[in-house]
Amino acid sequence: GLPVRGTGDAVCVVSYGNRAYEDALSELVGLTRRAGFRVVAAGAFVTEHSLNGRIAAGRPDEADTALMEAFGRQVAAKLRDRAACEVPIRVPGHEPYKAYAPIPLVPELDPERCERCGRCALVCPVQTIDPGNYRVTDLSRCIACFACVRYCRAGARSLAEPARSAFERKMEALCEACQARREPETFL
């Protein structure tokens, strides 16, 4: 469940890297409702892919920003119409949700290159890197988002071979498959 509970109105938003958001928005809406909130709107917005910066590079762009601003205005208008807020929104997705299948690739730290700047711990979305000792990583919690690799200026975190080559081949194929521009989707 969500770490917060409430009874107010909520807007659920997910971002994804121009491939697919699958059940992410549906799951977030469900969790938010179960936490006691009334979900009045939701949206799925495209951002640069977290594992391959060539996919959706530069997103969100000006067109995306304009759509986000328009969505914000639509949400504000809906919140002024209390009767409209009573109608539950519907978002695409399936229940039960697709099971999470972790990627068995975990970045490794080269302690000789590590500058101990703490950026890896700061950017890790699941706090798997100990902020007091960057050499300590809880590998069981790593979701293989590679934020620590991407934002390490010293290049101290990376994948070891042969995993790196396999990962690069997978990212190349993903890049080929995700070239068509996807547009944000909103639900009011």
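The values are calculated or read from the model by the stated rules, or taken from the named source; none is laboratory data. Everything quoted here is computed from the prediction, not taken from an experiment. Methodologically, a virtual Cβ is constructed for each residue, glycine included, from the backbone with ideal geometry; neighbour enumeration extends over all protein chains shown. Remember, those area values only see protein heavy atoms, side chains included, never the ligands or the DNA or RNA. Shrake-Rupley method; radii C 1.70, N 1.55, O 1.52, S 1.80 Å.
Summary of values
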read-out	value
Hits in region 109-129 (condition: under 23 Å from the mean Cα position of the chain (by Cα) and surrounded by 14 or more Cβ atoms within 10 Å (Cβ to Cβ))	Arg119, Cys120, Ala121, Val123, Cys124, Thr128, Ile129
Top-ranked residue of region 21-75 - restricted to ones that are more than 18 Å from the chain's Cα centre (by Cα) and in a loop (DSSP other than H, G, I, E, B), ranked as nearest to Val123 (Cα to Cα)	Ala35
Residues that are closer than 19 Å to Glu112 by Cβ, open to solvent by less than 100 Å² (accessible area, probe 1.4 Å) and either among the polar types (S, T, N, Q) or touching a Cys at 6+ places or on another chain (Cβ under 8 Å) (or both), drawn from region 152-188	Cys152, Ala154, Ala156, Arg157, Ser158
The lone exception for Cys12 - which of (1) surrounded by fewer than 20 Cβ atoms within 10 Å (Cβ to Cβ); (2) modelled with pLDDT of 95 or more; (3) more than 30 Å from Arg169 (Cα to Cα) it fails	(1)
Count of region 76-106 residues which are within 24 Å of Thr7 (Cα to Cα), of a type in the set (Lys, Arg) and part of a loop (DSSP other than H, G, I, E, B)	1
Single unsatisfied condition, Cys145 versus (1) under 30 Å from Val11 (Cα atoms); (2) open to solvent by 40 Å² or more (accessible area, probe 1.4 Å)	(2)
Test result for Ala101, exposed (fewer than 12 other Cβ atoms within 10 Å of the Cβ) and either under 22 Å from Leu174 (Cβ atoms) or free of Cβ contacts under 8 Å to residues at least 12 places away in the same chain (or both)	yes
Some residue of region 53-74 being more than 18 Å from Phe187 (Cβ to Cβ), in contact with a Cys (Cβ under 7 Å, 6 or more places away or on another chain) and crowded, with 18+ Cβ neighbours inside 10 Å	yes
Residue satisfying condition, being among the aliphatic types (A, V, I, L, M) and either closer than 30 Å to Val149 by Cα or modelled with pLDDT under 95 (or both), within set Leu79, Leu67, Leu109	Leu109
Every residue from region 48-102 that is β-branched (Val, Ile, Thr) and in contact with a Ser or Thr (Cβ under 7 Å, 6 or more places away or on another chain)	Val91
Number of the exception - Glu22 against (1) within 27 Å of Leu159 (Cβ to Cβ); (2) open to solvent by less than 20 Å² (accessible area, probe 1.4 Å)	(2)
